[in-house]
Amino acid sequence: MNHEVLEEEAVLRPATRSALAELTSVPGVQAPPRRAALRADKTVRVAIVHDWLVTYAGAEKVLEQIVACFPDADLFSLVDFLDDRSFLRGKRVTTSFIQKLPLARTKYRTYLPLMPLAIEQLDVSAYDVVISSSHAVAKGILTGPDQVHISYVHSPIRYAWDLQHQYLRQSKLTNGPKSAMARLILHYIRNWDIRTSNSVDGFVANSEFIARRIKKVYQRDAQVIFPPVDVEAFSLCTDKEDFYLTASRMVPYKKIDLIVEAFARMPERKLVVIGDGPDMQKIRAKAGPNVEIMGYQPFKVLKDRMSRAKAFVFAAEEDFGISVVEAQACGTPVIAYGKGGALETVRDVSESRPTGLFFDEQNAESIIAALERFDEHVKRFSPADCRHNAEQFSAAHFRERFFSHVRAAVPALRTATLPPYVPYKAEAAAGAPRILAVDQSGVLGGAELSLLEIVKALRSRIEVVLFDDGPFRTALAKAGASVEVLEAGALRHVRKQGGSLPKGQALKGLVSLVRATAKRARKADVIYANTQRAMVIGAFAGKLARRPVVWHLRDIVSPEHFGGKQLAIIKWCARFGLAHVIANSAASARAFTELTQFDEKRVDVVFNGISAAPFDALRTVPQATLRQRLNLPQDAFLVGSFSRLARWKGQHVLLEAMVLNPQMHAVLVGAPLFGEDQYEIELHAFVAAHNLGERVHFLGFQHDIAACMCAVDAVVHTSITPEPFGRVIVEGMLAQRPVVAARAGGVLEIVDDYENGVLCTPGDAHGLADTLAELRSNDELRNRLVRNGYQTALSRFGTTTYVDGVARILKGVAGR
Ligand code: UDP
C-alpha cells in the first residue's frame, strides 16, 4: 500500500473516506484516485481499451461482456479491422497510427516494436474510468491521477516474458543480427511493461495461473474473474445413461490417452471420446471395445453426449477448462485432474453438494481409483447441483462480478447498477443487411470453402441454407453459423452436365425448395446464392419473397462446363431474377456477360481470399515430419495435386507426366466429390497399367490442405478446361511451394509466368513433365517463384479484401 496516498485521503470528507476504506479491501486494487471519488453526482465516463481488433476469439468474448457492462463506453484499440462488429454492439473504435501503416491489416503484429508508443498516443484523458482488456500492450494506456485504470489481463505479453525463448526459436531468431535486434526490442518491451504496470490501479486476471504470472512479473495482486462460458447453450438433463464421456482436441497435454488407457483396463465401464487432433492414432491404438472414439463431432452431438453421460472425465491441467463447466451445465458431474482451473470450477466430493471429484496424478491408476470412488458416491452427485454450479461461470455472472469489481474500485459508481443485458441485434446496426446465403452442396468444394470464409466474418447477420447435408454443414456449424438443410437430396439427381429437366417428383421437390427458401428470405434483406442451382432456386425465391438476389458466380458458364439446357436456364434467370453478380475472376465475369448480355455495371469481380494462417502456422514444422504423418516417402521429389477428382481437373495429365519423369513421385489429394467415381477408378487403373503404384500416392479428401501442401516439393494444377479461379494455386503460393498451373481462365489473373508460378498448356503432359524437371533442377527459379508467389497471395488474395468486397456489394444491393 502506498502511504503517501493514504495521507492524501485524510483530507477528504468522511463519507468519501469510508468509500476509500472499502476500496482498499478490493483485491487487486491499489490506491483510489481522488477525482473519481468526488464526481459521484456526475456521469462517469468510461473508456475501454483492447489491444487489437481483428477477430472474435477468447479475449474478444471477454471484451464483449465488458462492453455489455458499460454500453455507453467509448472504445480504443491499436487497430480495428473487424468485418463483423456486432459483438461490440456496432460501436466504432478510435485507433492508433498503426491502423494506417502499410500492410497493417495482415501484418499488424510485425509492428510490435511500435505498439508501446502507439498505445501511449491514444488519448483517454477525458474519461473517469479506463478499463483495459490486455494480452499485449493495452494495459500501458496513459492515465492520470484522477482516473481509475482497471486492467483485465488475459496474460502478460507472452513473447516478452517466459515464452521469449520459445518465440525466438519458432521465429528462427536464435542468432545473428536479427536475433540481437529482436532481443533488444523484447528487452525494451519488458522494461516498458513493468513501468506501465505501476499506473494500473487494479488488476483482474482470467485465472489463478495468470494471477500468479501477474504477481511474478508486476509484483501485484490480481482479482481472478474467470472468462464467460456460454452455459445458456446447454441445458439440464437429469436422465443419465451408463457411459462416461471425454471430449477435447487430441493434443498431448489433454492426456486423453491416459483416460483411454484407464478404461481399457476397466472393460465393464463404457467411455465415449469426442474430438480429433494429432494424437488420434495413439489414442485409437489404446482403445478397447468398451471405448467408442467418435472423432470430431458437431456441437449438437457433443451436447447430446454431454447431457446423457454419467460423468465427464478430464485429465488436463488447464488455466480454466471450458468443457468442465459445459458438462456441469448439462447436469453432468466431472471427474477431473485436481490441478489448475478445475479446482475452481468443480466442487469436490469432500464438500457438501459435490459436482465431481478429483484425482491427484496424471496416470491411469489414479483415474481408475477416481472412477471407483465416483461409483461409491454416485448418489451424492445431483444434476441440479452441477447445473447450479456451472451457472456461476455464465456470461451473466461474469458481467455481475466484473461490474461489481469496477464499482467497488470507483467510488463515483457506488450507486450504479449493472445495466440490463439487451442482446444486440446486428440488423439494428446502421445499414448492415441481413443475408440469406444459399448453397446447393453439402460437401467441401472450392465454392463452399470460399463461402465459409464469408460466413465466418459476417456470422451474426448471415443465415445459410443448404440443399444437401454433409461436412459443409458441419464446418459451418463449427464456425458458429446458423445453418439449415432444406430437403436433403431433392436436387441431387439433377446433374450439372446431365441436362435432365426436373419432372414429376423432382418438380414438386423444387417447388417446395423455392417456397422454403422464400420463407427464410423474408427475414433477410438480400439473397446471396453461391452456386448455380442455388441461384436458380434463389431467383424464384427472390421473386416470391421480394428480395434482391446476388449470385456469387464461381463457374465459367460456357459449353465446356455446362450443358445447353443449363446455359439456357442461367440466361433466363439472369434476365428474370438477378440483381447483381459477383464473379470470382474476370474470366468468369466475361463468360457470363457474353452468355447473358447482362448489364456489366451489375457485375463485379472479387477474387477469393484465402487465409495465410494455417500455412504460416506450419513454418517451423519440418517437411520430414509432415511426410511421416501422411505416410509419404522422405527422399523423393514429390509433386502434389490438390483438387477434387474430376476429369476436367486433369489428374490424368499429372499421371502421364509421371510416366515421363520416372524419378518423381506424385501425391493426389482429393476425392470425387460430385459423383465422378468412374474417373477415380480410371486413375487407379492407369497407375496399375503403368506400374506407378510405388510412385503415386492417393490420399483421398484431406481437411488439412496446408499440411499436405507443405509436405510436397511442387504444387500442380492441371485443369484441362478453363478454371474459373483455382484456390489451390493461391494455397500453393501460401504454402511457399512453386506452383505450375494450366494456362486458361482465372488462372491467368493469378499467375505471372515464370515470376510467381509457371504456366503450362492444358492437357499437355509432355510440357508439364519438362516444366517439373526444370523446377527440380533449378533452385534459383524455385526460390524466385516461391518468394513472389507468397507476396502475390498475401497482397492480392487476402481474406479481408475478399470479405470486405462481398459485404460492400451485398450492402449496396440490399440498400437499393
Ligand atoms: N481441397 C480440400 N481437400 C482435398 C482436396 C481439395 O480441402 O482433399 C480444397 C482445396 O484446398 C481448395 C478447394 O478444395 O481450397 C478446391 O478449390 P478450387 O478453387 O481449386 O477448385 P473447385 O473445387 O472450386 O473447382
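Computed quantities for the displayed model
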{"read-out": "Only listed residue being hydrophobic (A, V, I, L, M, F, W, C), surrounded by fewer than 24 Cβ atoms within 10 Å (Cβ to Cβ) and within 17 Å of I750 (Cβ to Cβ), chosen from A579, A587", "value": "A587"}
{"read-out": "Residue within region 438-453 that is at pLDDT below 90, surrounded by 16 or more Cβ atoms within 10 Å (Cβ to Cβ) and outside any loop (DSSP other than H, G, I, E, B) present", "value": "no"}
{"read-out": "Among the residues listed as F637, F642, the single one being over 19 Å from T761 (Cβ atoms) and within 12 Å of the ligand (Cβ to nearest atom)", "value": "F642"}
{"read-out": "The listed residue being assigned to a helix (DSSP H, G or I) and either touching a residue at least 60 places away in the same chain (Cβ under 8 Å) or surrounded by fewer than 24 Cβ atoms within 10 Å (Cβ to Cβ) (or both), out of I556, I537, I527", "value": "I537"}
{"read-out": "When residues of region 101-114 are limited to those that are part of a helix (DSSP H, G or I) and free of Cβ contacts under 8 Å to residues at least 60 places away in the same chain, the one nearest to L794 (Cα to Cα)", "value": "K107"}
{"read-out": "Of all residues in region 201-210 being in contact with a Phe, Trp or Tyr (Cβ under 8 Å, 6 or more places away or on another chain) and either of a type outside the set (A, V, I, L, M) or over 17 Å from I66 (Cα atoms) (or both), the one that is surrounded by the most Cβ atoms within 10 Å (Cβ to Cβ)", "value": "F203"}
{"read-out": "Every residue from region 564-577 that is of a type outside the set (F, W, Y) and either without any contact (Cβ under 8 Å) to a residue 40 or more places away in the chain or in contact with a Lys or Arg (Cβ under 8 Å, 6 or more places away or on another chain) (or both)", "value": "Q566, L567, A568, I569, I570, K571, C573, A574, R575, G577"}
{"read-out": "Single unsatisfied condition, F637 versus (1) out of contact with any strand residue (DSSP E or B) (no Cβ under 7 Å at 6 or more places or on another chain); (2) modelled with pLDDT of 95 or more", "value": "(1)"}
{"read-out": "Pairs where the first residue, in region 174-199, is farther than 20 Å from I150 by Cβ and the second is assigned to a loop (DSSP other than H, G, I, E, B), C-beta under 6 Å, 6+ apart", "value": "S179/L173; A182/L173"}
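The values are calculated or read from the model by the stated rules, or taken from the named source; none is laboratory data. Just so you know, these numbers come straight off a predicted model, no measurement behind them. Positions of Cβ are backbone-derived with ideal geometry, glycine not excepted, and every protein chain shown enters the neighbour counts.
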